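Peer 1: A single structure is presented below for examination.
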Amino acid sequence: MSGKPKLYYFDGRGKMESIRWLLAAAGVEFEEEFLETRDQYEKLLQGGSLMFQQVPMVEIDGMRMVQTRAILSYIAAKYNLYGKDLKERALIDTYIGGTDDLMGFIMIFPFLSAEDKEKQLAVIVQKATSRYFPVYEKVLKDHGQGFLVGNNFSWADVHLLEAILMVEEKKSDVLSGFPQLQAFKARISSIPTIKKFLEPGSQRKPVPDHKYVETVRRVLRMYYDVKAN
Amino acid sequence: MSGKPRLHYFNGRGRMETIRWLLASAGVEFEESFLEKKEDLTKLQKDGSLLFQQVPMVEIDGMKLVQTRAIANYISTKYNLYGKDLKERVLIDMYVEGMFDLNELFLMYIVQPADKKEEYFANMMNKAENRYFPVFEKVLKDHGKDFLVGNQLSRADVQLLELILMAEEYKPDVLANFPVLQSFKARISNIPAIKKFLQPGSQRKPPVTEEDLAKAMKIFRS
């Protein structure tokens, strides 16, 4: 074993992408095993590697970690991206909750019918511009610091940048009313580890396409219609 | 101000119930403001109390905390229900995130359309009995200790008890094949602070009824 964390997931964003972002931001090299067939998945299941029979799963520090939020919290704490005390952690958790909810609307997008996609696109933009972005815009404006929490780079900054870029992929001018977020985006993107992750050839995954959807459906036997809630 | 945490939510379980359980288990007295009319919610939204315009919101230690997990994490850490180190915390987090997923299934049951309810119920109980409960049965069986993590009470134990009791409301014999969970349930229920919370007159909320839901939808979705 190489000692590097190893990620088990599909070759695509989904729930693993935030984990890739966080490891990359922390400057941690990682390996990936991509699930392409049902057989691979069943092998993992039979081997008892997946606590709740689900991926993401990350082998790290002798553990087979599951549950996206558990994995992210562990990485954040281990690499000092989780604030310096309980109050900062509470702020980070709160902001992450928001960006998580926002990215949740985008995560189901590729699985929706064409008609539902159109509606969902409107929902994503509306939520981003009226519920979520204004909050982070105000936070940054009010304290005038470079990072969301404690004047220090944290998980919250990484997660927000990820969310901003994802929404921009759906509507490229979505930050037009948010000057603080524009500056934030530029600033965080130029942090060396993040800059590297944003370059071609990194382990960042592209916007999910129909091939990704087919793979997920095939491996998980998830053939039912996904509805936005 | 009393100094006690104040919970802002509907008068029902929903996403606030886990927080009530955690506070009660930690022996922390709390107050509640119930949203009964739409104006109650809009007032909170307008005065900037709700960061993302949503409840749950908990006033605690000078903060207006929102986001269920943020609130639960804060309370768990503050009252020593989150393990003693990072390795224990990640175990607790893995278990508790699985529990949140099952809880979500329970939460969404009541809003299923009539023609989908039966299938949803079967899937929900199947997950409880084949995906989630076996994991916790095995964890307890394998280490033979009284608590899920680190040989002391943590939020994982509290949240598991909460889930077991909810599952039993839907299917009284759901623990039939889980002897270790049966003794876990008895043991954790007997912890004084939890025993008190399980008694009539506590701030624990009853199961939601179709009527409650129809009423709430009428008020808040109007």
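Peer 1: Would you pick out the residues in the range B:180-202 that are open to solvent by 70 Å² or more (accessible area, probe 1.4 Å), assigned to a helix (DSSP H, G or I) and within 30 Å of B:E29 (Cβ to Cβ)? So that I can check it myself, show each step before the final result.
Peer 2: Step one: list which residues in the range B:180-202 are open to solvent by 70 Å² or more (accessible area, probe 1.4 Å), which gives B:182, B:187, B:190, B:192, B:195-196, B:199-201.
Going one step further and asking which of them are assigned to a helix (DSSP H, G or I), we end up with B:182, B:187, B:192, B:195-196.
Selection gives B:R187, B:P192, B:K195, B:K196.
Peer 1: So, one more: How about the range B:52-83: which of its residues are in contact with an Asp or Glu (Cβ under 7 Å, 6 or more places away or on another chain) and not aliphatic (A, V, I, L, M)?
Peer 2: At the first step, the residues of the range B:52-83 found to be in contact with an Asp or Glu (Cβ under 7 Å, 6 or more places away or on another chain) are B:67, B:69-70, B:73.
Hits for the range B:52-83 are B:Q67, B:R69, B:N73.
Peer 1: If you don't mind, another one. Quick test for you: out of A:K15, A:K84, A:K43, pick the one residue that is within 13 Å of chain B (Cβ to nearest Cβ), open to solvent by 60 Å² or more (accessible area, probe 1.4 Å) and of a type in the set (D, E, K, R). Walk me through it before giving the result.
Peer 2: Values: A:K84 fails: within 13 Å of chain B (Cβ to nearest Cβ); A:K43 fails: within 13 Å of chain B (Cβ to nearest Cβ).
Exactly one residue qualifies, and that residue is A:K15.
Peer 1: Also, I was wondering about something else. Looking only at the range B:110-125, how many residues end up being open to solvent by less than 70 Å² (accessible area, probe 1.4 Å) and in a helix (DSSP H, G or I)?
Peer 2: 7
Peer 1: So which residues in the range B:140-179 are of a type in the set (A, V, I, L, M, F, W, C), part of a helix (DSSP H, G or I) and open to solvent by 10 Å² or more (accessible area, probe 1.4 Å)?
Peer 2: The initial filter retains those residues of the range B:140-179 that are of a type in the set (A, V, I, L, M, F, W, C), namely B:140, B:147-149, B:153, B:156, B:158, B:160-161, B:163-167, B:174-176, B:178.
When the remaining residues are screened for being part of a helix (DSSP H, G or I), the result is B:140, B:156, B:158, B:160-161, B:163-167.
Selection gives B:L165, B:M166.
Peer 1: Any residue in the range B:21-44 that is of a type in the set (K, R) and within 14 Å of chain A (Cβ to nearest Cβ)?
Peer 2: To start, the set of residues in the range B:21-44 that are of a type in the set (K, R) comprises B:37-38, B:43.
Narrowing the set further to residues that are within 14 Å of chain A (Cβ to nearest Cβ) leaves none.
No, because not a single residue in the range B:21-44 is of a type in the set (K, R) and within 14 Å of chain A (Cβ to nearest Cβ).
Peer 1: Further question on the same structure: Where in the range A:14-118 are the helices (runs of 4 or more DSSP H), entirely inside, with at least 3 residues that are farther than 20 Å from A:K4 by Cβ and in contact with a Ser or Thr (Cβ under 9 Å, 6 or more places away or on another chain)? Don't jump to the end; show me each part of the working.
Peer 2: Values: elements: A:17-25, A:38-46, A:68-78, A:86-107.
The qualifying helices (runs of 4 or more DSSP H) are A:86-107.
Peer 1: Still on this structure, I have one more. Any chance you could count how many residues in the range A:61-80 are surrounded by fewer than 21 Cβ atoms within 10 Å (Cβ to Cβ) and either β-branched (V, I, T) or more than 9 Å from chain B (Cβ to nearest Cβ) (or both)?
Peer 2: Here is the first cut: in the range A:61-80, the ones surrounded by fewer than 21 Cβ atoms within 10 Å (Cβ to Cβ) are A:61-64, A:68-69, A:77-80.
Filter once more, so that each one left must be either β-branched (V, I, T) or more than 9 Å from chain B (Cβ to nearest Cβ) (or both): A:62, A:64, A:68, A:79-80.
Number satisfying all stated conditions: 5.
Peer 1: Then there is this: With A:S172, A:S189 as the choices, which residue is on the phi < 0 side of the Ramachandran plot and out of contact with any helix residue (DSSP H, G or I) (no Cβ under 8 Å at 6 or more places or on another chain)?
Peer 2: Working: A:S189 fails: out of contact with any helix residue (DSSP H, G or I) (no Cβ under 8 Å at 6 or more places or on another chain).
One residue alone meets the criteria, A:S172.
Peer 1: For the range A:1-13, give me each residue that is closer than 23 Å to A:D209 by Cβ and either without any contact (Cβ under 8 Å) to a residue 60 or more places away in the chain or part of a helix (DSSP H, G or I) (or both). Explain how you work it out, then say what you get.
Peer 2: Taking the range A:1-13 as the starting set, the residues that turn out to be closer than 23 Å to A:D209 by Cβ are A:7-13.
If the condition is that a residue be closer than 23 Å to A:D209 by Cβ and either without any contact (Cβ under 8 Å) to a residue 60 or more places away in the chain or part of a helix (DSSP H, G or I) (or both), then A:L7, A:Y8, A:Y9 are the ones that fit.
Peer 1: Please count how many residues of the range B:52-70 are within 17 Å of the chain's Cα centre (by Cα) and within 8 Å of chain A (Cβ to nearest Cβ). Before you say what the answer is, go through the steps one by one.
Peer 2: From the range B:52-70, those within 17 Å of the chain's Cα centre (by Cα) are B:55-58, B:65-70; that's our starting set.
Imposing the further condition that a residue be within 8 Å of chain A (Cβ to nearest Cβ) reduces the set to B:65-70.
Count: 6.
To keep it simple, each residue is scored yes or no on (1) of a type in the set (D, E); (2) within 9 Å of chain A (Cβ to nearest Cβ); (3) surrounded by fewer than 23 Cβ atoms within 10 Å (Cβ to Cβ).
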site: B:N80; (1), (2), (3): no, no, yes
site: B:D85; (1), (2), (3): yes, no, yes
site: B:E88; (1), (2), (3): yes, no, yes
site: B:D93; (1), (2), (3): yes, yes, no
site: B:L107; (1), (2), (3): no, no, yes
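The values are calculated or read from the model by the stated rules, or taken from the named source; none is laboratory data. Keep in mind that this is a model prediction, so the values were computed, not measured. Positions of Cβ are backbone-derived with ideal geometry, glycine not excepted, and every protein chain shown enters the neighbour counts. Accessible surface is based on the protein model in full, side chains and every heavy atom, while ligands, DNA and RNA are left aside. Shrake-Rupley method; radii C 1.70, N 1.55, O 1.52, S 1.80 Å.
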